[in-house]
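Heads up, the thing below is written out as structure tokens.
Derivation of every value follows stated rules applied to the coordinates shown; laboratory data play no part. Being a predicted model, the structure only gives us computed values, none of them experimental. Note that each Cβ is placed from the backbone with ideal geometry, even for glycine, and that neighbours are counted across all protein chains shown.
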Amino acid sequence: MKITRKSIDGIVIIKIEGSLVTEHIKQLEKEIYTALEKMNNIIIDFNELSFICSAGLSLLIASHKKAEAKKLKVVITGCSEDIIKLFKLTELDKHLIIKNTIEEACLYISAQ
């Protein structure tokens, strides 16, 4: 798994490539929580994500709740059909903010 991070207009974009498995959760958690501590909205780009484990799903929910408590947003983009099916199956699609593209996510965040 590879994580890259960049900032655009005060929004931190975290791109994840490969498989998000238990061994990598702490690395992603650090990236997300550091951005939230600095009061940044976050876009998590899953365009290159091939797999996410249950611990990864838990981290997404925890990150969403932590962001909400700070009046910030965590938006997920670029999900494959399989990841979308997983979110629907687990009903996470009802709790997470999911947009198709980074541009849509930026527009959503700026409209809030």
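Packing-wise, with mean Cβ within 10 Å as the measure, how do 41-54, 5-18 rank, highest first?
Peptide ranking by packing, descending: 41-54, 5-18.
Just for the chain, what percent of DSSP beta bridges are antiparallel, to the closest 5?
30
In which sequence would His64, His24 go, from the one with the fewest C-beta neighbours within 10 Å to the one with the most?
Neighbour counts put them in this order, fewest first: His24, His64.
Gain in length, Lys88 to Ser58, computed as 0.36 nm per residue apart minus the alpha-carbon separation, to one decimal in nm?
Gain on stretching Lys88 to Ser58: 9.3 nm.
Would you order Met39, Met1 from fewest to most other beta-carbon atoms within 10 Å of each residue's own beta-carbon?
Lowest count first: Met39, Met1.
Calculate the radius of gyration of the Cα atoms of the chain to one decimal place, then report Dmax, the largest Cα-Cα distance, as a whole number, both in Å.
Reported Rg and Dmax, both Å: 12.6, 36.
Listed here are the pairs Lys30/Lys66; Lys2/Lys73; Lys73/Lys94; Lys2/Lys70; Lys30/Lys65; Lys38/Lys71; which of them are more than 19 Å apart at the Cα?
Long pairs (Cα-Cα over 19 Å): Lys2/Lys73; Lys2/Lys70.
Give the residue from Ile11, Asn100, Thr90 lying farthest towards the positive end of the charge dipole for the chain; charges sit on Cβ (+1 for Lys and Arg, -1 for Asp and Glu) and the dipole is referred to the Cα centre.
Result: Ile11, furthest along the dipole toward the positive end.
Using helices alone, I'd like the mean residue ellipticity at 222 nm for the chain: each DSSP H run of four-plus residues gives -39500 (n - 2.57), total over residue count, nearest 500.
After summing the helix terms and dividing by the residues of the chain, the value is -13500 deg cm²/dmol.
Just subtract the alpha-carbon distance of Asn100 and Lys70 from 0.36 nm times their residue separation and send over the number in nm, one decimal.
Working it through step by step, the gained length comes to 8.4 nm.
Measuring from centroid to centroid over Cα atoms, what is the spacing of the range 1-62 and the range 63-102 in Å?
Each part reduced to its Cα centre gives a spacing of 11 Å.
If you place +1 on the Cβ of every Lys and Arg and -1 on the Cβ of every Asp and Glu, how big does the dipole about the Cα centre of the range 6-71 come out, in debye to the nearest 20?
Result for the range 6-71 is approximately 300 debye, rounded to the nearest 20.
Among Thr90, Thr22, which comes first, second and so on when ranked by fewest other beta-carbon atoms within 10 Å?
Listing Thr90, Thr22 from fewest to most nearby Cβ atoms yields Thr22, Thr90.
To the nearest 20 Debye, how big is the dipole of the chain about its Cα centre, given +1 on the beta carbon of each Lys and Arg and -1 on that of each Asp and Glu?
400
If you place +1 on the Cβ of every Lys and Arg and -1 on the Cβ of every Asp and Glu, how big does the dipole about the Cα centre of the range 43-97 come out, in debye to the nearest 20?
For the range 43-97, the charge dipole is close to 400 debye.
For the range 36-88, what D do you get in µm² per second when you plug the Kirkwood radius from alpha-carbon pairs into Stokes-Einstein at 4 °C and 1.567 mPa s?
Here the translational diffusion coefficient equals 110 µm²/s.
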